[in-house]
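Reviewing the structure listed below.
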Amino acid sequence: KARVQLMEETNCTQVTEFSLMGFTEDPVTRVTLFLVFLLTYLLTILGNLGLTVLIRASPQLHSPMYHFLGNLALVDLCSSTVITPKMLVDFLSEKKAITYAGCVAQVFIFDLLGMAGFFLLATMAYDRYMAICHPLLYPLVMSPKCCFQLVAGSYLMGLTNGIGQTIGMSRLFFCGSNAIDMFFCDISPLISLSTSDPTLSHLILRTSAFLLGGTSSLVVLVSYVAIISTILSISSAKGKRKAFSTCASHLITLSIFYGTSFFMYSKPSSDTSREDKWAATFYTVVTPMLNPLIYSLRNKEVKEALRRLIKRK
């Protein structure tokens with residue numbers, strides 16, 4: 001059977017481009033969605049770029065937490081840019097195609113940035129753990145060198161994930177339909193579309209999710225169990241509110257990030273529905289816009305730094 005399949009794959013004509021089915025073929029709906037997502041993308045650029053500049057320009061924000069937040073804003077900006085501009089072009093064009101090389105690049109960069117985002121959120125959880133549970137050791141442990149290593153490690157884990165998923169995709173053959181029932185190239189729909197044995201690709205996908213995604217999730221879980229335990233042990237209600245307020249924005253971001261990503265990737269790769277597309281839209285397009293808004297609107301230090309910067313200018 002394997003030999004026959006290999007012969008079929010060898011004789012087949014490998015597709016040179018994929019067709020992205022997107023959301024709808026209705027012209028009015030497509031124009032409406034174009035305008036909505038264009039506004040979302042502009043807000044994403046403004047929010048994340050503005051937050052990055054604000055953190056760099058404000059001395060009072062030169063702390064480990066905002067160092068991690070600035071990198072998360074950069075990851076959100078880049079990951080949205082990998083997906084949204086192509087999606088906007090497809091809304092206004094009849095032929096919604098992407099080349100094989102472009103699809104590989106999209107898978108690599110998106111998976112790199114996605115996993116880097118997971119680990120940056122984990123480092124932010126660890127930062128809050130040290131600040132609340134071990135405040136006296138915080139300046140020593142969260143040194144500039146340690147922060148640099150944590151950020152570099154997050155990008156390294158993302159790079160590992162990106163390379164792994166790209167290797168998995170390179171082992172797939174696409175000889176039949178080239179229509180991807182999604183608005184961007186994601187590894188799960190590509191595995192379903194492939195005419196070759198997807199065992200290796202599934203193995204890489206699940207191993208990456210278990211080892212890398214599981215590790216970052218475990219860091220978040222352990223950190224917040226310790227944080228909640230410490231907050232509950234604080235005697236004064238004012239102290240509890242103050243400690244919890246330092247974690248509120250991060251918890252909201254975690255809920256959105258993990259909730260949408262879990263919904264996207266918990267289903268079988270062959271089961272794609274309209275709900276999956278909207279969950280993917282929220283994860284890839286809306287979440288990068290929300291993160292800077294959450295930290296800007298809920299964080300007093302960010303709002304105060306913004307007021308000082310505007311006053312100084």
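The table that follows gives values for the structure above.
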quantity	calculated
Trypsin sites (Lys or Arg not before Pro) restricted to DSSP loop in region 57-135 with at most 14 other C-beta within 10 Å	Lys95
Net dipole in debye of the chain [+1 Lys, Arg Cβ; -1 Asp, Glu Cβ; about Cα centre; nearest 20]	1680
Subset of Lys242/Lys311; Lys240/Lys303; Lys242/Lys277; Lys240/Lys277 violating a 32 Å alpha-carbon distance limit	Lys242/Lys277; Lys240/Lys277
Dipole magnitude of region 121-217 about its Cα centre (Cβ charges: Lys, Arg +1; Asp, Glu -1), debye to nearest 20	280
Sequence of Ile187, Ile163 when ordered by accessible area, the most exposed leading, probe 1.4 angstrom	Ile163, Ile187
Radius of gyration and Dmax over the Cα atoms of region 98-180, both given in Å	18.3, 62
Shape of region 37-111, Cα gyration tensor, a/c cut at 1.5	oblate
Glu25 - accessible surface, heavy atoms, 1.4 Å probe, Å² rounded to 10	110
Cα-based shape type of region 37-167, given that a ≥ b ≥ c are square roots of the gyration tensor eigenvalues and the cut on a/c is 1.5	oblate
Euclidean distance between Cα centres, region 152-179 to region 44-100, Å	21
Region 17-312 - percent of accessible surface contributed by carbon and sulfur, probe 1.4 Å	71
Test item: Cα-centred dipole of region 154-313, Lys/Arg +1 and Asp/Glu -1 on Cβ, debye	1400
DSSP H segments from the chain that extend 20 Å or more along their own axis, Cα-based, with Kyte-Doolittle mean of 1.6 or above	27-57, 214-233
Globularity index of the chain, i.e. its alpha-carbon radius of gyration over 2.2 N^0.38 Å	1.11
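The values are calculated or read from the model by the stated rules, or taken from the named source; none is laboratory data. Quick caveat: nothing in here was measured; it's all calculated off a predicted structure. No Cβ is skipped: glycine too gets one built from the backbone with ideal geometry, and neighbour counts run over all protein chains shown. The area values use the complete protein model at the heavy-atom level, side chains included, leaving out ligands, DNA and RNA. Shrake-Rupley method; radii C 1.70, N 1.55, O 1.52, S 1.80 Å.
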